[in-house]
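The values are calculated or read from the model by the stated rules, or taken from the named source; none is laboratory data. None of these values were measured; they are calculated from a predicted model. In this analysis, Cβ positions are derived from the backbone assuming ideal geometry, glycine residues included, and neighbour counts consider all displayed protein chains.
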Amino acid sequence: MSKAFGTPFGMTKNGEEVRELVLDNGVLSCRILTFGGTVRALTVPGREGPVDVVLGYDSLAQYETEGGYLGALVGRFANRIAQGRFVLDGREHVLACNDGPNHLHGGAVGWSHRVWTVEALTAERAVLSLDSPDGEEGYPGRVQAKVTYALEGEALTIHYEAVSDRDTPVNLTNHSYFNLAGHDSGTVLDQELQLFCTSYTPTDETSIPLGRIDPVEGTPMDLRAPVPIGARIGEDFQQLVWGRGYDHNFVVDGQPGVMRPAAVARSRATGIVMEVETDSPGVQFYSANFLEDGRKGKGGAVYGFRHAFCLETQHFPDSPNQPAFPSCILRAGEEYDQTTRFRFSVQGE
């Protein structure tokens, strides 16, 4: 019988045991569920003491039934695929449409709702794996994925790996909802964000990219200098109107495949600064526009509209249908390898 890592967190509705893993390096601490590889808590130093900066739940039932993908690993394809269809090597593949007319975050039962296997666990590192069979959610090929969470000094590093026995789209990310003033502190509109992105991919009203890569200059999408998240979010700009705020893929400056800065966020209330580095082509900035008021979170917290923000490092949305975008196709026998690092520090008053 294999070793049971972590502590019990509950049983899924299908009778699978879910466990919680705790990482702690004396600077940061992190709680990870085997359900969805979910980051349930991330505690970092603040000006006046430790602060848990990610939204989460106290019960497994909420993770199974509530929308929003709080803290989850999402795949096989993060973000949207138009009309749940794509053609690969001359064959059309049909996926579930679970976001209006489109496919989102891997489908009806994506990797966010699968129980991952713990391959290794130390005080500072957890390695999770998932075996996705050929045809799961309509995707071709058996994909074997591995994700490593590691606390490295003041940083949480997430390393994604995968191999497939057939050509298939793969696009993995973590969907943590950050609030640098604390997960229970309310709106993030006064927290500052800077994106190292000179362009973005505008979408239609269903959040599917139009195929263009547009400059951010001269628009409310220009976050190249630090600005409060709420400063421009209500402007009468079609992209913001359709998204009810920010929910867009930004093109990270520099060369994909190379670690480089993607974003910096900060809270003046706690002094916490979060720097995001990635080797992914893009980052989805989402301002929690569909997080409904009154949602019950950890420790009696109540979450609501724009109480967090997400920075989902990724391939561009709808990449399987957009030949001008960086390819998201993992070829049989090749290796998917992607890394994102969240580094924390504290500023004075």
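Below is a table of values for the structure above.
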| item | result |
| --- | --- |
| Any hit, region 85-93, residues being at negative phi, modelled with pLDDT under 95 and of a type outside the set (Asp, Glu) | no |
| Count of region 107-119 residues which are touching a strand residue (DSSP E or B) at 6+ places or on another chain (Cβ under 7 Å) and either over 14 Å from Ala145 (Cα atoms) or touching a residue at least 40 places away in the same chain (Cβ under 8 Å) (or both) | 7 |
| Residue identified as in contact with a strand residue (DSSP E or B) (Cβ under 8 Å, 6 or more places away or on another chain) and surrounded by fewer than 24 Cβ atoms within 10 Å (Cβ to Cβ) among Glu20, Glu48 | Glu20 |
| Meets criteria (touching a residue at least 40 places away in the same chain (Cβ under 8 Å), more than 21 Å from Val51 (Cβ to Cβ) and in contact with a Cys (Cβ under 9 Å, 6 or more places away or on another chain)) for Gln338 | no |
| Count - residues of region 17-59 that are of a type in the set (Gly, Ala, Ser), in a loop (DSSP other than H, G, I, E, B) and either in contact with a His (Cβ under 8 Å, 6 or more places away or on another chain) or within 25 Å of Val302 (Cβ to Cβ) (or both) | 3 |
| Among (1) within 30 Å of His159 (Cβ to Cβ); (2) in contact with a Ser or Thr (Cβ under 7 Å, 6 or more places away or on another chain), the one test that Glu275 misses | (2) |
| Criterion: among the β-branched types (Val, Ile, Thr), exposed (fewer than 15 other Cβ atoms within 10 Å of the Cβ) and under 22 Å from the mean Cα position of the chain (by Cα) - qualifying residue of Thr43, Thr65, Thr34 | Thr65 |
| Only one of Ser280, Ser287 that is within 20 Å of Phe325 (Cβ to Cβ) and out of contact with any Leu (no Cβ under 7 Å at 6 or more places or on another chain) | Ser280 |
| Residue that is crowded, with 23+ Cβ neighbours inside 10 Å and not hydrophobic (A, V, I, L, M, F, W, C), where the choices are Gly71, Gly90, Gly84 | Gly71 |
| When residues of region 144-163 are limited to those that are out of contact with any Ser or Thr (no Cβ under 7 Å at 6 or more places or on another chain) and charged (D, E, K, R), the one farthest from Pro45 (Cα to Cα) | Glu161 |
| Wholly enclosed strands (runs of 3 or more DSSP E) of region 261-349 bearing at least 2 residues surrounded by fewer than 20 Cβ atoms within 10 Å (Cβ to Cβ) and of a type in the set (Ser, Thr, Tyr) | 335-346 |
| Unique residue being among the charged types (D, E, K, R), in a loop (DSSP other than H, G, I, E, B) and farther than 24 Å from Pro326 by Cα when the list is Asp253, Asp222, Asp190 | Asp190 |
